[in-house]
1. Can you work out D for the chain in µm² s⁻¹ from Stokes-Einstein, where Rh is the Kirkwood radius over C-alpha pairs, the temperature is 25 °C and the viscosity is 0.890 mPa s?
2. Using a 7 Å offset from the Cα along the Cα-to-Cβ direction at both ASP60 and VAL8, what is the distance between the two label points in nm, to one decimal?
3. Using only the Cα atoms of segment 1-42, each taken as one equal point scatterer with no solvent, compute I(q) by the Debye sum, divide by I(0), and report log10 of the ratio at q = 0.18 Å⁻¹.
4. Provide the percentage of antiparallel DSSP beta bridges, counting only those with both residues in the chain; round to the nearest 5.
Amino acid sequence: KSEADAAVRETSLDWTIVRPGGLTDDPATGTVTLAESTGRGEIPRADVAWIITQLLTSGDGVRRQFEAISGSTPIAEALRDL
């Protein structure tokens, strides 16, 4: 996976790489921790979908790579602070 990520980063395409922690089937919480490196953690699939939807509709996060786990920051705020 890291080799594929590196290959994508080297292209001229607009890319965003979201690296979620362990995925769970829990309901969305709407709060996360986003950082270059978060350490180990879990995150509901629904929150990852919410993150990706926000990135696609806002255009934020282009040419960014970050990890995502459950946390205490609302998703919209966490994405603004990237």
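Here, each number is a calculation from the coordinates, and none is a lab measurement. Remember, predicted model here, so these are calculated numbers, not experimental data. Positions of Cβ are backbone-derived with ideal geometry, glycine not excepted, and every protein chain shown enters the neighbour counts.
1. This corresponds to a translational diffusion coefficient of 191 µm²/s.
2. According to this spin-label approximation, the distance is 1.9 nm.
3. With no solvent term, the Cα-only Debye profile gives -0.69.
4. Percent antiparallel among DSSP bridges in the chain is about 45.
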